[in-house]
1. Over the residues of the range 147-228, compute the C-alpha Rg and express it relative to 2.2 N^0.38 Å.
2. Hey, can you rank 170-179, 151-160 by average C-beta count inside 10 Å, highest first?
3. Quick check: Cα centre of the range 167-228 to Cα centre of the range 117-136, how many Å?
4. In this model, which of LYS52/LYS130; LYS117/LYS198; LYS88/LYS198; LYS5/LYS117; LYS146/LYS198 are farther than 24 Å apart at the alpha-carbon?
5. Sort 49-60, 16-27 for me by packing, meaning the mean count of neighbouring Cβ atoms within 10 Å per residue, highest on top.
6. Per residue, how much accessible area does the chain have with a 1.4 Å probe, in Å²?
7. What are the radius of gyration and Dmax of the range 130-191, computed over its Cα atoms and given in Å?
8. Report the convex hull volume per residue for the chain, counting only C-alpha atoms, in Å³.
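The values are calculated or read from the model by the stated rules, or taken from the named source; none is laboratory data. It should be emphasised that the depicted structure is a prediction, and the values quoted were computed from it without experimental measurement. Positions of Cβ are backbone-derived with ideal geometry, glycine not excepted, and every protein chain shown enters the neighbour counts. The accessibility values were calculated without ligands, DNA or RNA, using every heavy atom of the protein model including side chains. Shrake-Rupley method; radii C 1.70, N 1.55, O 1.52, S 1.80 Å.
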Amino acid sequence: MKRLKKVLRWVIAIFFASTILAVVALRFMPVWFTPLMVIRCAQQVSEGRDMKLSHHWVPMERISPSMPVAVIASEDANFLKHHGFDYKAIESAAIRNMKNPEKRKLGASTISQQTAKNIFLWPGRSWIRKGFEVYFTTLIELLWSKQRIMEVYLNSIEMGDGIYGVDAVAEEHFHTDAKNLSREQCALIAATLPNPRKFSSKNPSDYMLKRQKRILHEMKFVSAFPEK
């Protein structure tokens, strides 16, 4: 039993040391690959499809200033105010889900939570994965700036089948780069983020165009994203 306790203490110590070091390192280093990218590539191969991975890391100064405004308006209105978790949004989502259990579950993940999940974790809804998500979200909020969280988010989020990050989707869907995306294009990209494998910014449906219009309206009430 003593030996088991000693091993357990070492495992816990190594876990905390390695994860903290990883978060500190990624505060400065580009994120070239994520677990989701690896999982999607494996899925493509297992389904007999050609493997596709379109991803270009670009710094914030090479991303249209409208892009962070669009995702804040669409995904997380309180991003610059909260410390990783929007408790009011969580409460509202919980109440809505209890009142309408037959409808699709409403989530309340912040941009910080989505970033933590994209960079360090795997897709899923288990309580174990959610616990790790809380842990990594707390770490990046403590050790990264909001500008860094947004930079990593915009470079790593899935934006289509085999497409990751704003520069890749700008090239694939709009034949431009992240810096030269228009306000309307940024809103359309943001409109896909609830499910970018289902909704396309390249061939938007009427539903997508309605979401784009709503996001463009909400963007009027979001301040310009602060520079580093």
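1. Here the Cα radius of gyration is 1.05 times the empirical estimate.
2. By packing density, highest mean first, the sequence is 151-160, 170-179.
3. 26 Å
4. Beyond 24 Å between Cα atoms: LYS52/LYS130; LYS88/LYS198; LYS5/LYS117; LYS146/LYS198.
5. My ranking of the peptides, most packed first, is 49-60, 16-27.
6. Per residue, the chain has 58 Å² of solvent-accessible surface.
7. Cα only, the range 130-191: 13.8, 39 Å (Rg, Dmax).
8. In the chain, the Cα convex hull volume per residue is 163 Å³.
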